[in-house]
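Data first, discussion second: the structure below is written as structure tokens.
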Amino acid sequence: MKDSLNAAQTDMRFAYCSGAAGMLASSLIWLASAGVVIFYSAQQALWVLLIGGMFIHPLGVVIAKLAGRPGNHSKGNPLAGLAYASTFWLIFSLPLAFAAAQLRIEWFFPAMLLVIGGRYLVFSSLFGMRLFWFCGLALAGAGFVLGQFAAAPLYGALAGGVIELLFALLIFVQDKKEAQQNSAFALHKFQPES
């Protein structure tokens, strides 16, 4: 069973650059939202993050393909259900962050940091990488601290963008090392057990 889990995680890592492709896409949306806070308003930045979030996966697929990866996992990968479940959990959490913003706009970005941080904890199992625990806890910790102090929305948007950008770069480096060390990684195709 452990071999099957390792094979499924290897397939996910290979398909999505160990999750770095999607994380980089997400960081770009966070940073775009920060730019909107600076030049327009926090209310408009909220919509940039919410609507832009719908484009994270497609943009992540494009980034993965530019990096020479397929941008989709193999058919039959049992971790696909976990990936979909974590996406639905994220979507179901969005109304809570939106409701928090209606009470106080300064709470929107911290709420989103907590939600996204929680989702990255699941990615630890999805990709088989402990680094996602650190990323998730960094995002959630930033969300908690910024929420406690009702920090200006710019700080929340920047925190999300910068934290994800740094971890995306770390994961890209780790992914490249894995690909270089394991030539089978590049030829990997998940094979479900019969």
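One table, with the values for the structure above:
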quantity: Cα long-axis angle, helix 42-52 against the chain (0 to 90 degrees, to the nearest 10); calculated: 20
quantity: Using θ = phi - 60° and Karplus 6.51 cos²θ - 1.76 cosθ + 1.60, couplings along segment 134-148 (whole Hz; Gly, Pro as x); calculated: 5, 5, x, 5, 5, 5, 5, x, 4, x, 5, 5, 5, x, 4
quantity: Using alpha-carbon coordinates, inclination of helix 20-39 to the longest axis of the chain, degrees; calculated: 10
quantity: Vicinal HN-Hα couplings computed from phi for segment 113-126 (Karplus, 6.51 cos²θ - 1.76 cosθ + 1.60; Hz; Gly/Pro x); calculated: 4, 5, 5, 5, x, x, 5, 5, 4, 5, 4, 4, 6, 5
quantity: Local net charge near ALA34, Cβ-Cβ under 15 Å (Lys/Arg +1, Asp/Glu -1); calculated: -2
quantity: Calculated FRET value between VAL62 and GLN180, using beta carbons and R₀ = 22 Å, to 0.05; calculated: 0.40
quantity: Label-point separation in nm, ASP3 to GLN102, each point 7 Å along Cα→Cβ; calculated: 5.4
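Since every read-out is calculated from the coordinates, none of them should be taken as a lab result. Predicted model, so just to flag it, every value in this text is computed and none were measured. Reconstructed Cβ throughout: ideal geometry from the backbone, glycine too, with neighbour counts over all protein chains shown.
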